[in-house]
1. Could you grab the pairs with beta carbons closer than 6 Å, sequence gap of 6+ or different chains, first residue in the stretch 114-140 and under 17 Å from W97 (Cα atoms), second one at pLDDT 80 or above and among the hydroxyl-bearing types (S, T, Y)?
2. So which helices (runs of 4 or more DSSP H) stay within the stretch 1-113 end to end and still have 1 or more residues that are over 18 Å from A174 (Cβ atoms), of a type outside the set (V, I, T) and modelled with pLDDT under 80?
3. Mind checking which residues of the stretch 47-64 are under 12 Å from G77 (Cα atoms) and of a type in the set (G, A, S)?
4. Mind listing just one residue for me: the one in the stretch 57-70 that is in contact (Cβ under 8 Å) with a residue 12 or more places away in the chain and out of contact with any Gly (no Cβ under 7 Å at 6 or more places or on another chain) and, of those, surrounded by the most Cβ atoms within 10 Å (Cβ to Cβ)?
5. Given the condition of a type in the set (V, I, T), over 18 Å from the mean Cα position of the chain (by Cα) and at pLDDT below 95, answer yes or no: does some residue in the stretch 168-182 qualify?
6. Please go through the stretch 71-89 and pick out each residue that is surrounded by fewer than 18 Cβ atoms within 10 Å (Cβ to Cβ) and within 20 Å of V142 (Cβ to Cβ).
7. Consider A156 carefully, then state whether it is part of a helix (DSSP H, G or I), loosely packed, with under 15 Cβ neighbours inside 10 Å and out of contact with any helix residue (DSSP H, G or I) (no Cβ under 7 Å at 6 or more places or on another chain).
8. When the residues of the stretch 119-153 are narrowed to those that are within 17 Å of A52 (Cα to Cα) and in contact with a Cys (Cβ under 8 Å, 6 or more places away or on another chain), which ends up surrounded by the fewest Cβ atoms within 10 Å (Cβ to Cβ)?
Amino acid sequence: MAGWTVLGVVLLAAILVPFFLWEERIHAATSAFLRMPHSRWLIAVALGGLLAADIVLPVPSSIVNTAAGSLLGFWAGAASSWAGLMVSVVVGYFLGWGASGTALRRLVGGNEARVSRAAARHGHWALAVFRAVPVLAEASVVLAGFNRMPFRRFLATCALSNLGLAVTYSAIGAYAVDGGSFLLAFAGAICVPAAGMFLARRLRA
């Protein structure tokens, strides 16, 4: 798990450092790209695909979700984010459903015990809260499949939770563009997972 954390930090640095070094050039290139025919569809598919892959790859999902609102606007950004998040949870559920004990440990690392305790105490509400928490979001989805949580309940819980996340991130990204502040978008991308981690600790307590 430490290796995945390091890789996630490297990917985050790869996103942020070039922006701070070449902000004006990146802004000009992005504006030009957005004016191209079909560019919005390409961005929506790319961002949704990244979020869908987050279940198996260390994608900085909070950054990607916020970028969707910044690049596509509130409604399109929220729709793209929600679709990508839903694909991710469905894939994770069936990965857990078909996993052996050894494969499960590889997928969830050392998070199995704490996620299982929270799920045993709070049921599907724990799954909803964990959707905003890095690492635990993926672990809780895989464990839901492994523990044979009823698929309809799982899907409904994730759909509502993912909708809340998509709308929140997209609103932050769209508002940051209107205000011309990248730092606002970045702060929102950090604060939402932090709030999820706080709620997750409260659940475990």
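The values are calculated or read from the model by the stated rules, or taken from the named source; none is laboratory data. Remember, predicted model here, so these are calculated numbers, not experimental data. So basically every Cβ, Gly included, is an ideal-geometry build from the backbone, and we count neighbours across all protein chains shown.
1. Correct list of pairs: V115/S140; H124/T157; L127/S140; L127/T157.
2. Ranges flagged: 2-21, 23-34, 101-108.
3. The one that is under 12 Å from G77 (Cα atoms) and of a type in the set (G, A, S): G48.
4. In the first step, residues of the stretch 57-70 are kept if they are in contact (Cβ under 8 Å) with a residue 12 or more places away in the chain; the result is 58-70.
Cutting the leftovers down to out of contact with any Gly (no Cβ under 7 Å at 6 or more places or on another chain) gives us 59, 61-65.
On the way: V59: 19, S61: 25, S62: 23, I63: 20, V64: 25, N65: 33.
Across the stretch 57-70, the extreme among qualifying residues is N65.
5. Let us first name the residues in the stretch 168-182 that are of a type in the set (V, I, T), namely 168, 172, 177.
The next check asks that each one be over 18 Å from the mean Cα position of the chain (by Cα); those that pass are 177.
Among the residues that remain, those that are also at pLDDT below 95 are: 177.
Yes, some residue in the stretch 168-182 is of a type in the set (V, I, T), over 18 Å from the mean Cα position of the chain (by Cα) and at pLDDT below 95.
6. Once the filter is applied, which keeps residues that are surrounded by fewer than 18 Cβ atoms within 10 Å (Cβ to Cβ) and within 20 Å of V142 (Cβ to Cβ), the stretch 71-89 yields only V87.
7. Yes.
8. R131
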